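Data first, discussion second: the structure below is written as structure tokens.
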Amino acid sequence: MSDLVAPFRGERFADVARLSRLIAPPYDVIDPAERARLAALDADNIVHVMLPEAPPGRPEDDRYRAAAERLATWRRSGVLRRDAEPVLYVLAQDFTLPTGERCVRRGLFAAVAAEGYEPRRIRPHERTHAGPKADRLALLRATATNIESIFLLAPDRDRTLANAVAAAAQGTPAATAS
């Protein structure tokens, strides 16, 4: 691929029939009521790892250890399965705009190298706050797993990337969720 973007061996929920009950939106748009709703959907909903709660009687900071323990349990019990080979994962999202217009947004999941801002290949899109950065870093350290994706835009003036992703999305999806 490149020195910046590469395929990776991801982990996925094994039971694709339950996928709609197992996924959640990005952590930073989930308020406490939504977190409770998602957690109640399924004991294996990703919100239990993404926004963990400390078990009763344990200090609040134990929530990261609880997330790591739950993730390890999911791996051992087969809730999650790791892909055998590194791949690029294509995602298609169908949605309706407030105007009623139906749209499809396509993208892909890939490993992206972390680098400073100086090369100007990856640029920040927003100012991030110390609290959320510390929280996500603590979760990353506890689980040794990147739980969430980061949304990036890439220049594609001739639509080469967009056309390749659209072509890949034409096949039968490995899983669907609503």
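The values are calculated or read from the model by the stated rules, or taken from the named source; none is laboratory data. Predicted model, so just to flag it, every value in this text is computed and none were measured. Glycine gets a Cβ as well: all are built from the backbone with ideal geometry, and neighbour counts include every protein chain shown. Accessible surface is based on the protein model in full, side chains and every heavy atom, while ligands, DNA and RNA are left aside. Shrake-Rupley method; radii C 1.70, N 1.55, O 1.52, S 1.80 Å.
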| query | Can you find even one residue in the stretch 43-51 that is in contact with a strand residue (DSSP E or B) (Cβ under 9 Å, 6 or more places away or on another chain) and in contact (Cβ under 8 Å) with a residue 40 or more places away in the chain? | reply | yes
| Residue count, the stretch 28-54 (criterion: modelled with pLDDT of 95 or more, touching a helix residue (DSSP H, G or I) at 6+ places or on another chain (Cβ under 8 Å) and in a helix (DSSP H, G or I)) | 8
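Take P86 and tell me if it is of a type outside the set (G, A, S), surrounded by fewer than 14 Cβ atoms within 10 Å (Cβ to Cβ) and over 21 Å from the mean Cα position of the chain (by Cα).
Values: of a type outside the set (G, A, S): yes; surrounded by fewer than 14 Cβ atoms within 10 Å (Cβ to Cβ): yes; over 21 Å from the mean Cα position of the chain (by Cα): no.
So P86 fails the test.
Does the stretch 154-178 hold any residues that are free of Cβ contacts under 8 Å to residues at least 24 places away in the same chain, in a loop (DSSP other than H, G, I, E, B) and on the phi < 0 side of the Ramachandran plot, and which are they?
As a first pass, look at the stretch 154-178 and keep what is free of Cβ contacts under 8 Å to residues at least 24 places away in the same chain: 154-161, 163-164, 167, 170-172.
If we keep only those that are in a loop (DSSP other than H, G, I, E, B) as well, we get 154-159, 170-172.
Passing the criteria: A154, P155, D156, R157, D158, Q170, G171, T172.
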| task | Please find, within the stretch 121-131, the residue that is least open to solvent (accessible area, probe 1.4 Å) out of those that are closer than 28 Å to V87 by Cβ and not aliphatic (A, V, I, L, M). | result | P124
| said: For the stretch 87-106, give me each residue that is among the acidic types (D, E) and outside any strand (DSSP E or B). | reply: E101
| What pairs can you find where one residue is in the stretch 70-90 and under 17 Å from V16 (Cβ atoms), the other is loosely packed, with under 12 Cβ neighbours inside 10 Å and not small (G, A, S), and their Cβ atoms are less than 7 Å apart, with a gap of 6+ or different chains? | R82/R9; D83/R9
